[in-house]
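Encoded as structure tokens, the structure appears first; notes follow it.
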Amino acid sequence: MSIEDELAKEIAGLDSSFIDELYNLQIPDEKTNLSEVITLGTTPVSEEHSKEVKSSIVENQLEETVPNTYGDLHDAPVEYIEILSSGKVGETKTIPQDTVITSLDNLLFGREPEVIREEVGDSFWNLADFIDKMPHGIIDKKIPGIGATTLEINSKRNSIIVFPTKALAYGKHSKHPNTLYVGSEIKGEKEKVTNQQIEEYLAKDGYKKLLVVADSLGRLLGIIGKENYKDYFLMVDEIDVLQTDNNFRPQLENVIDYYLMFPLKNRCMVTATMKEFSNPHLKTECRFPITWKYNTHRNIDLLHTDNVTQAVIEKVISHPTEKVFIAYNSILQIRNIIASLDEETRKECAILCSEVSIKEAGEYFAPKLGDNDTLPARINFATCCYFTGIDIEDSYHLITVSDVRRSHSMLTLDRMTQIHGRCRKDNGILSETIIYNTLGYVSVMESMEKDTATLLNKAQKVLKVLESADTISQGDYTLTDLFAIIKEAIREKAQERIAGNELINLTRKDIYGKNVRLIGTTLLMVMLAAYLNIDYIIERIDLYASYFMPETLKEVLGKQVNIISYKSLPYGVSPEQNSIEKTNKDAQNKLTDSYIQEAIDNIKVLSTTGQLNDNTLHLYIRQSRSRTKIFLERFIKLYKYVDLDSLLHQLWEIRTSNNIAYKNLNNAVMYWALDEEHPFKVAIRRSFTLNKSYSASEIQEILAPIVQYHLHKVLKPRKYVALLKSIYATDRTSGNKYTIRGENPRGFKEHTGRIATKENNLLKLFVL
């Protein structure tokens, strides 16, 4: 047996036990003297290039914690009057600028900072009462609305402030016209800011205040230039949102990459609901807590129910005259609630949501708050776009809904705190109710066994194996090709699934698509741990535990707030509610279909005008809704191989099907695209005869060694039949056999591209 045969057999057996064996390998860790590691086929690099790469390595090493000083927080030296032991007033003294300060508790004003709150008489504390600019490091402000963003905007230095949403970024820009909003278009308000506009703003005199949406940070920094980072202070606002949303917006972790490029004293992350970070570089950041003697007092009515819609309706109508704010991250469910209200009450409703949801919200869409940051209607529903960072100067009854039926509508306790903190008016929250349902028994117990250390270990072990494969194969093209297959198989193991949901990656690429590391004299490209994804997994595990049973959330929440009442109310679902929900669901499906059809029309236009390419499609994906995004992501993988009409028709047909339907289509496309002389296609054709019938066991017997050799997989028995049916058109016979009728079961018309004969890494093409 050749080395290729042996390797194919081993790769096919890559399961959990194999990974366990890999984990036991002795692989050099970060502390190893990398210059002494022996590599095969090393390639000389210039001394200058070597220094550049070594410098890059230094940047990636863990930095020592640097504390804040008075000079970091104050523009001028701080003076105070000394009080002598006799009680008499002493001299006026100056605090040295290099004096270390670890929290606001240590500020020497002759009185505690908390006293100022009572004397000033404002609705909330303001950081500007204590300091002139934001501290560096990770700022745990504990309480929302204390003016952290405003403080940095007014500081005497150039600032880049990163926001998780464009609604928040543009909202702050509207209040501070001296700033520049950097983000995508705000319909009816603001066009997309161009690179030229950014350059013109940077050329102006005065301090630069750039308010940038997380997705646009890379574009902005590319204009500023890395050599100028030292001239700016980078502040990442609502950093906990990056942890919570990264699984849905993977580009958010890029913000961390950029953050770590700034000097230690030129960067900070801010939130009122601090979580732990798995990223080791963030663990060494200076922590600056802002501890207040007075804390916002929250009295909560807690309501558990099996019918969230009905519970919300009853709560809304219990406030017939005063304003109501309902936080519920599901426009479909919001529409179900509104449709159940009487006609006059419906006229009083508005939905605060992002622009991409205009059609879903329909006539109830409200793009922003009203004048002076008041609520736009009497009954106001809001999705997560308005959960974070907005300032509401109004009085209202707050209803927060956590619905476990969809992952995106399950709320963490931190998110509930953020929602409460949106009110900036003193005593503006007239009452607060949290309505929730529970999971009951779900198969999450295995997931709940995982912790941060376990996930990090899994990611790091896989990364080290991948890196070692690169090292060993360096300079040997035969090994490079073979190890590419190994790496593809191993990467699949660096994933986690929670309660049957989609797989979550534990590894990622950095902002350059790679990370440069020097082993001896060899440059290696390696992946990184997806730290924010790991943070997200841990958060979700805790979340599932909180909603496991009705009493669980009560117990956990009761440690943070005062629960003044608790009820668990069962409701039957009336025929009227069923009818409303079906009508709205059908309307939503119809609307989704219209979005996908619009995407199909745009694709055809792009093709006709010669603009159909990966870059254009990726831009389109970022601007699309969830199901349209899925449609486009599937299209971008397959369009290079199949004629446009055939592919669009097939993708349209499976748009409402589960993921298995797409996997079968993908495999049909990939087999169709293989060169006629590709070894995998040749092996299949030699093994099956047209018009001959085969049982499921015979199909498995024939396909198993072929799949193992070429695709490096061992499949479950029924999967072999599914693979065959994606390759061949078959008829099911009365004897429970499959008759082979011919290739191209999908009826593709022409090839637009072929997979080369020499391509042996089929793992990255087929989905098994």
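FYI, it's all coordinate maths here, none of it is from the lab. Treat the numbers as computed from the prediction; the structure is a model and nothing was measured. Positions of Cβ are backbone-derived with ideal geometry, glycine not excepted, and every protein chain shown enters the neighbour counts.
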What is the sum of charges, Lys and Arg at +1 and Asp and Glu at -1, for the other residues whose Cβ falls under 15 Å from the Cβ of Thr752? +1
FRET efficiency for Ala722 and Ile83, Cβ-Cβ distance as r, R0 = 56 Å, nearest 0.05? 0.10
Using the structure shown, select from Lys187/Lys582; Lys640/Lys764; Lys172/Lys208; Lys585/Lys637 the pairs with a Cα to Cα distance greater than 20 angstrom. Lys187/Lys582; Lys585/Lys637
Compute the relative contact order of the range 324-448 as a whole-number percentage, counting only Cα pairs closer than 8 Å that sit 6 or more residues apart in sequence. 28
Placing +1 on the Cβ of each Lys and Arg and -1 on the Cβ of each Asp and Glu in the range 69-289, which of Tyr70, Tyr80, Val213 has its Cα farthest towards the positive end of the resulting dipole? Val213
Label-point separation, Asn178 to Thr194 (7 Å along Cα→Cβ), nm: 2.7
Any idea how far the Cα center of the range 252-284 sits from the one of the range 186-214, in Å? 24
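Mind ranking 179-186, 633-640 by how tightly packed they are, going by the mean number of other C-beta atoms within 10 angstrom, highest first? Intermediate values should be presented prior to the final figure.
Working: 179-186: 20.6, 633-640: 17.9.
The peptides rank, most packed first, as 179-186, 633-640.
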Once amide H atoms are placed 1.01 Å from N in the peptide plane, what residues at a sequence separation of 5 or more from Lys209, or on another chain, have their amide H within under 5 Å of its amide H? Ser159, Leu180
Is there a quick way to get the dipole size of the range 640-764? I mean about its Cα centre, with the Cβ of Lys and Arg at +1 and of Asp and Glu at -1; what is the value in debye to the nearest 20? 400
HN-Hα couplings for the range 393-399 via Karplus (6.51, -1.76, 1.60; θ = phi - 60°), in whole Hz with x for Gly/Pro, come out as 9, 7, 9, 6, 8, 9, 10
Can you tell me the Rg and Dmax of the range 640-764, counting just the alpha carbons, in angstroms? 14.3, 41
DSSP bridge orientation in the range 69-289 - percent antiparallel, rounded to nearest 5: 25
Counting lysine pairs in the range 212-369 that sit 8 or more positions apart or on different chains, with Cα atoms under 18 Å apart, gives 11
Which one, Ile186, Cys286, Met134, projects farthest toward the positive side of the charge dipole computed for the range 69-289 from Cβ point charges (K/R +1, D/E -1)? Ile186
Relative packing of 547-559, 267-279, 730-742, which averages over residues the other C-beta atoms within 10 Å, highest first: 267-279, 547-559, 730-742
Determine, for each peptide in 334-346, 80-92, 415-427, the mean count of other beta carbons within 10 angstrom over its residues, then list the peptides with the highest first. 415-427, 334-346, 80-92
Nothing charged except the Cβ atoms of Lys and Arg (+1) and of Asp and Glu (-1): what's the magnitude of the dipole of the range 245-393 about its Cα centre? Round to the nearest 20 debye. 640
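To make sure I understand, if each residue's beta carbon is the centre and we count other beta carbons within 10 Å, what order do Ile630, Ile153 fall in, fewest to most?
The order, fewest Cβ neighbours first, is Ile630, Ile153.
Rg(Cα) of the range 69-289 divided by 2.2 N^0.38 Å?
Ratio of Cα Rg to 2.2 N^0.38 Å: 1.10.
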Shape of the range 274-363, Cα gyration tensor, a/c cut at 1.5: prolate
Quick one: which residues, 5+ away or cross-chain, put their amide H under 5 Å from the amide H of Lys425? H built at 1.01 Å from N. Asp394
Quote to one decimal, in nm, the extra length available between Ala661 and Val100 on full extension: 0.36 nm per residue of separation minus the C-alpha distance between them. 195.9 nm
Along the charge dipole of the range 640-764, which of Leu715, Leu651, Ala683 sits closest to the positive end, that is, farthest toward it, with unit charges on the beta carbon of Lys, Arg, Asp and Glu (+1, +1, -1, -1)? Leu715
Taking the Cα centre of the range 305-410 as origin, work out the dipole magnitude from +1 charges on Lys and Arg Cβ and -1 charges on Asp and Glu Cβ, in debye rounded to 20. 340
